[in-house]
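Below is one structure, written out as structure tokens; comments come after it.
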Amino acid sequence: MDILKSLGHPEEIFNLFKFKMGGCRAVMPKLDYESMTESLRTCYLYLNQTSRSFAAVIQALDGELRHAVCIFYLVLRALDTVEDDMTIPLDKKVPMLNDFHTFLYQDEWCFMESQEKDRQVLEDFPTISLEFRNLAQEYRAVISDICHRMGVGMAEFLEKKVGSMKEWDQYCHYVAGLVGIGLSRLFSASQLEDPEVGQDTELANSMGLFLQKTNIIRDYLEDTQEGRAFWPQEAWSQFAGRLEDLAQPEKLESALSCLNLLVTDALRHVPDVIAYLSRLRNQSVFNFCAIPQVMAIATLSTCYNNPMVFQGVVKIRKGQAVTLMMEATNMSAVQTIIAQYSQEILHKVSPTDPSREKTLHILAVIREKSALSQSSLRSRTHHLSPMYLSAAMVLAALSWQYLSTTAAQAQGTSDMQRP
């Protein structure tokens with residue numbers, strides 16, 4: 001049960017209850033699907049089916065930007081599905097990736113041969129491309145350009161491994177940095193944000209790289225088991241002869257050293273994340289950008305020096321995720337969250353870790369950028385008595401079953417039925 005995992009974190013239990021009883025509406029208001037065209041409703045259905053992380057925050061965006069970002073996501077999800085499908089031969093996949101942006105203007109183009117779980121976005125691509133063509137020209141230009149550049153980059157890395165740390169940055173730029181750049185240009189095109197948000201590609205790129213590197217680090221075991229290799233060879237070759245060898249129990253010390261090296265590299269993007277978020281003015285855009293970033297640093301803190309990265313699935317608690325979602329709605333709160341998880345990582349740094357000095361340096365930079373005092377960090381720390389734990393367990397036993405049965409009606413954010 002989710003609530004039991006949060007027993008040592010009273011604010012998480014409170015926020016889980018609050019979220020279950022409708023508190024999610026403050027961050028993710030319900031959409032009016034009945035006013036949409038059938039094809040647009042179908043696009044939002046696909047969004048909810050294919051996005052674990054972004055569906056809710058996309059649907060909370062203001063005005064026409066919401067539809068533009070929804071279509072942008074689905075176009076890139078279709079492109080990514082082609083890249084991920086290991087059953088498509090390279091001589092077919094490479095031209096598809098290079099030319100994918102042209103399919104946006106072909107009414108009937110679809111692909112019926114994918115074996116991927118998200119293949120519906122390829123099989124019904126005509127619905128997505130129709131709604132793409134219904135967008136204003138300033139949105140279409142951004143989406144088509146980013147799709148083109150991303151497809152070319154994906155095709156490049158199909159035929160070569162991620163070798164150096166520089167190539168890791170380049171790969172993450174193609175698959176995620178360009179997403180950050182494209183989204184920033186959409187924000188500015190909507191006039192909800194200032195032009196500089198879309199013009200500063202360096203900060204926007206860092207937003208994407210931080211999320212992508214976090215996902216790559218977390219998904220080590222799943223990727224290696226499926227024959228995918230995204231950890232850079234320059235990093236893992238210092239510790240093992242083959243990337244998959246890091247999962248061997250006798251390699252644990254070396255594996256953790258490699259893991260911590262990559263977490264440290266990902267953390268160097270956090271100062272740019274803080275600078276980017278500090279520029280945002282629209283509340284819905286801020287929530288959209290900030291929530292995934294605080295989830296990412298919480299995930300990195302969980303991954304750092306954690307053997308489970310090489311043994312199973314590593315993810316943050318649901319109560320933790322809900323708390324972050326409900327708190328990360330202003331810059332001060334985001335800075336506090338970043339400082340908190342930076343402090344957690346700091347406490348895990350081993351005196352013998354090969355990346356120790358680099359880790360300590362970037363954590364010091366992050367602490368400076370977040371500009372928070374130790375007293376504000378202490379205010380977020382909770383000391384629990386046995387009485388609290390006993391009461392929490394009783395509360396969990398009495399309340400959770402009822403709340404779970406009413407969750408679908410109270411929450412209503414993850415599933416959407418067509419009218």
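Rule-based calculations on the coordinates, nothing more; no lab input. Values in this document were obtained by computation on a predicted structure and should not be read as measured data. Because the Cβ atoms are built from the backbone with ideal geometry, glycine has one as well, and the counts that use them run over all protein chains shown.
Please say if region 267-314 is rounded, prolate or oblate, where rounded means a/c under 1.5 for a ≥ b ≥ c the square roots of the C-alpha gyration tensor eigenvalues, and otherwise the choice is prolate for a/b larger than b/c and oblate otherwise?
Numbers: a/c = 5.53, a/b = 2.28, b/c = 2.43.
Taking the square roots of the gyration eigenvalues as a ≥ b ≥ c, region 267-314 is oblate.
Between THR87 and GLN283, what length comes free when the chain is fully extended (0.36 nm per residue of separation minus the Cα-Cα distance, one decimal in nm)? Could you put the intermediate results ahead of the total?
Details: separation 196, 0.36 × 196 = 70.56 nm, distance 4.22 nm.
The span from THR87 to GLN283 would gain 66.3 nm if fully extended.
Could you give the distance between the Cα centres of region 312-326 and region 151-192, to the whole Å?
Answer, in whole Å: 26.
Please tell me the relative contact order of region 221-270 in percent, rounded to the nearest whole number, where contacts are Cα pairs under 8 Å and at least six residues apart. Don't skip to the end; give the middle numbers.
Values: 29 pairs, mean separation 13.6, N = 50.
Relative contact order of region 221-270: 27 percent.
Figure the gain on full extension for ASN330 and LYS166 (residue separation times 0.36 nm, minus the Cα-Cα span) and round it to one decimal in nm. List each step's numbers first, then the result.
Details: separation 164, 0.36 × 164 = 59.04 nm, distance 3.31 nm.
Residue separation times 0.36 nm, minus the Cα-Cα distance, leaves 55.7 nm.
R0 = 41 Å: FRET efficiency of LEU252 with GLU123, Cβ-based, nearest 0.05? Numbers along the way, then the final one.
Values: r = 43 Å, r/R0 = 1.05.
That pair, LEU252 with GLU123, gives E of 0.45.
Say the dipole of region 229-295 comes from +1 at the beta carbon of Lys and Arg and -1 at that of Asp and Glu; which of LEU280, PHE239, ALA255 then lies farthest toward its positive end?
The one lying farthest along the dipole's positive direction is LEU280.
Could you give each residue of region 332-345 its phi-based ³J(HN,Hα) in whole Hz, using Karplus coefficients 6.51, -1.76, 1.60 with θ = phi - 60°, and x for Gly or Pro?
Couplings: 4, 5, 5, 4, 5, 5, 4, 5, 4, 6, 5, 5, 4, 5 Hz.
My understanding is that a pair violates if its Cα-Cα distance is over 28 Å; which of LYS161/LYS318; LYS213/LYS348; LYS315/LYS348; LYS117/LYS318; LYS160/LYS318; LYS92/LYS251 do that in this structure? Can you show the working numbers first?
Details: LYS161/LYS318 34 Å; LYS213/LYS348 20 Å; LYS315/LYS348 17 Å; LYS117/LYS318 24 Å; LYS160/LYS318 37 Å; LYS92/LYS251 38 Å.
As for pairs spanning more than 28 Å Cα to Cα, those are LYS161/LYS318; LYS160/LYS318; LYS92/LYS251.
In whole Hz and in residue order, list the ³J(HN,Hα) couplings for region 296-310 that follow from phi through the Karplus curve 6.51 cos²θ - 1.76 cosθ + 1.60, θ = phi - 60°; x for Gly and Pro.
Here the 3J(HN,Hα) series is 5, 5, 5, 5, 4, 4, 5, 6, 4, 6, 9, x, 5, 4, 9 Hz.
How far apart, in nanometres, would the label points at GLN199 and ARG149 be if each is projected 7 angstrom from Cα along the Cα-to-Cβ direction?
1.6
Let a ≥ b ≥ c be the square roots of the eigenvalues of the Cα gyration tensor of region 88-166; is it rounded (a/c under 1.5), or, if not, prolate (a/b larger than b/c) or oblate?
Values: a/c = 2.41, a/b = 1.36, b/c = 1.77.
Note, shape of region 88-166 comes out oblate.
Under a point spin-label approximation (7 Å from Cα along Cα-to-Cβ), what is the GLN191-GLN115 distance to one decimal in nm?
For GLN191 paired with GLN115, the spin-label model returns 5.0 nm.
How large is ³J(HN,Hα) for each residue in region 284-292, as worked out from phi by the Karplus curve 6.51 cos²θ - 1.76 cosθ + 1.60 (θ = phi - 60°), to whole Hz, x for Gly and Pro?
5, 5, 4, 4, 4, 7, 6, 4, x
Please give the residues of region 42-82, grouped as numeric ranges, whose backbone N is less than 17 Å from a label point set 7 Å along the Cα-to-Cβ vector of ARG133.
Residues passing the 17 Å test: 43, 71-72, 75.
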